[in-house]
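Notes follow the structure.
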Amino acid sequence: MEQGSIPSPHILIFPAQGQGHVNATLKLAELLSLDGFKITFINFPYVHERLVRNTDVEARFSKYHGFQFKTIPVCRPDDPQWTERLRKLSVKSKPIFKRMVIESKPTVNYIIGDAVLGFVHDVAVEIGIPAIQMHCVSACSFWTFFSIPDVVAAHQLPIKGKEDMDRLITKVPGMETFLRCRDLPAGFRQVSDISDPNLFFITNEIRKSQALIINTFEELEGPILSQIRTRYPKIYTIGPLHEHLKTKLRSIGKQELYSSSNSLWKVDGTCITWLDNQPSQSVLYVSFGSSTIMTRDQLMEFWYGLVNSKKKFLWVIRPESVINQDGDNLGEIPEELQEGEKERGYVVKWAPQEEVLAHKAIGGFLTHSGWNSTLESIAAGVPMICWPYFGDQQVNSRYVSEIWKLGLDMKDVCDRRVVEKMVNDLMVDRREEYVKSTARMQELASKSVSEDGSSSCCLNRLIEDIRLMNK
Ligand code: UDP
């Protein structure tokens, strides 16, 4: 779709390597393609190989005129520490990426870089191409990361042992009354020095652009977005992106183009057949996303908690996500789980999560509070039990339980009795209150992506602004 005689701008989109990042940015890429932009979507090779192996992504996107995938030839660094991994990846990628942009045909007019890949923005500035950072996390977690240097400067960190975990952190504006030490990203709980290299690296990376794209919606995170606007007047809140894309395709009669599947793992669809045979809202969906690692002991606590709750469950267990006491990968799901409770539980290695959450048999979601999972649960009106693992997840789970009242927060605890009680609270004893609050938020999410909704208006504004920059 060319606009008159002016060629459509060519946008380059570059996500970070995680499943959640790839999912969200691909959905934005699709929305922009529908508006006539030419898109080049850049991936790291190990991400792209898995995407192609497990999905029909190339065929699907070939339907969009001017859409191409490219890979940047950089290997994955294997440092155990994620900020160190990211730092090495950035150093290796930057010169290669710069050359790709300079040599690109057609010429690149605009760059959307994942906020954790700050070098993408640096390259855009060096070459003189307009660019913006995309945040695949919640506004509340972005704001917490952004404010951590102030928390450290005010000597509110490090946390001094277990007894200190419920102390309030008062230096994140807008969260003074409810953000506790235990709600801070796990990796930053022990920072004591403002010049800590990990802290400096990550807070510097996410602060590069003057405007922000965030996969959230105004009605969910309005108060914190107002705080962020004091520093960033221009924010495009265009989420929940999966719902946005679905609604947009429906509005132009092309709903058959929608596919949730941008999976880096092979999806096991047999669980949908199993769900088809379960009563309405009777099943708890359990998944801890693409990068959570748990010990065998933790896995067994969840297992007994779920079995003792007497509720049915559908559980995603990636075999590589479970380690033994020495930190070695188990490589396979423990036998007890494969043998036991066939009636009540169904275990898969990877599920079609959006379809699962939308299934009428699902009544709750035990989640690691990754941002995509949280938004997908909200859009499907499913209440949550949160067991956050790292990064943004600790803040998200605090918001889910304390601010939005969409579920319960189990963070820092992994005990079969607590699991059993929370499952029963969510599915039976306090069900009414959660069903009410999730239904309300589901409606707001749906409104935000409808024709005149807040997220649609923001996307239209982003599209206009990109076009204006290229006139
Ligand atoms: N997901 C999926 N199948 C699964 C588990 C997860 O399709 O069995 C998808 C899920 O729908 C979400 C993404 O993987 O879009 C996970 O992203 P999130 O931000 O929740 O967590 P992360 O994996 O990045 O920690």
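Each reported figure results from applying straightforward, stated rules to the coordinates on display, with no laboratory input. No experiment lies behind these values; they were computed from the predicted model shown. Neighbour counts run over all protein chains shown; Cβ positions are idealised from the backbone, glycine included.
Mind pulling the angle between the C-alpha long axis of helix 296-309 and the longest principal axis of the chain? Nearest 10 degrees, somewhere in 0 to 90.
Computed tilt is about 60 degrees.
Using the charge dipole of the chain (Lys, Arg: +1 at Cβ; Asp, Glu: -1 at Cβ; taken about the Cα centre), state which of Met422, Gln353, Gly36 has its Cα farthest towards the positive end.
Comparing the listed Cα positions along the dipole, Gly36 ranks first.
How big is the gap, in Å, between the Cα center of the stretch 186-212 and the Cα center of the stretch 144-175?
When both Cα centres are located, 14 Å separates them.
Percent relative contact order of the chain, based on C-alpha pairs within less than 8 angstrom and at least six residues apart?
Across the chain, relative contact order equals 16 percent.
Students often forget the sequence filter, so: which aspartates and glutamates lie under 18 Å Cα-Cα from Lys88 once same-chain residues fewer than 8 apart are removed?
The qualifying aspartates and glutamates are Asp78, Asp79, Asp114, Asp122, Asp196, Glu205.
Name the residue farthest towards the positive end of the dipole of the chain from the options His244, Phe67, Tyr258, assuming +1 on Cβ of Lys and Arg, -1 on Cβ of Asp and Glu, about the Cα centre.
Ranked along the dipole, the leading option is Phe67.
Given the pairs Lys266/Lys311; Lys27/Lys248; Lys105/Lys208; Lys27/Lys254, which are separated by over 18 angstrom at their Cα positions?
Those over the limit are Lys266/Lys311; Lys105/Lys208.
Give me the distance between the Cα centres of the stretch 371-393 and the stretch 314-369, rounded to whole Å.
Answer, in whole Å: 16.
Given the rule -39500 (n - 2.57) for each run of at least 4 DSSP H residues, summed and divided by the residues of the chain, what is its mean residue ellipticity at 222 nm, to the nearest 500 deg cm²/dmol?
Mean residue ellipticity, 222 nm, calculated: -13000 deg cm²/dmol.
Kindly express, to the nearest 10 degrees and within the range 0 to 90, the angle between helix 241-251's C-alpha long axis and the longest C-alpha principal axis of the chain.
With both axes taken from Cα atoms, the answer is about 70 degrees.
Taking the alpha-carbon distance from Lys38 and a cut-off under 12 Å, which aspartates and glutamates remain once sequence neighbours fewer than 8 residues away in the same chain are dropped?
Those aspartates and glutamates meeting the cut-off are Glu2, Glu30.
Remind me, relative contact order of the stretch 360-406 in percent, using alpha carbon pairs under 8 angstrom and six or more residues apart?
After rounding, I find 38 percent.
Residue farthest toward the positive end of the dipole of the chain, with Cβ of Lys/Arg at +1 and Asp/Glu at -1: which of Pro388, Pro185, Pro7?
So the residue furthest toward the plus end is Pro7.
So how far, in whole Å, is the C-alpha centre of the stretch 28-46 from the one of the stretch 91-131?
So the separation of the two Cα centres works out to 15 Å.
Given H placed 1.01 Å from N in the peptide plane, which residues other than close sequence neighbours of Asp409 have an amide H under 5 Å from its amide H?
Cys386
Run the dipole for the stretch 349-471 about the Cα centre, Lys and Arg Cβ at +1, Asp and Glu Cβ at -1, nothing else charged, and hand back the magnitude in debye, nearest 20.
60
Roughly how big is the stretch 43-130's charge dipole about its Cα centre, with Cβ charges of +1 (Lys, Arg) and -1 (Asp, Glu), in debye to the nearest 20?
Computed about the Cα centre, the dipole is about 140 debye.
List the chymotrypsin sites (Phe, Trp or Tyr not before Pro) within the stretch 367-471 that fall in a DSSP loop (any state other than H, G, I, E or B) and whose Cβ has at most 16 other Cβ atoms within 10 Å.
Phe390
Compute the helix-to-body angle for 118-127: its Cα long axis versus the longest principal axis of the chain, expressed 0 to 90° and rounded to tens.
Taking the Cα atoms of the chain, the angle to 118-127 is about 0 degrees.
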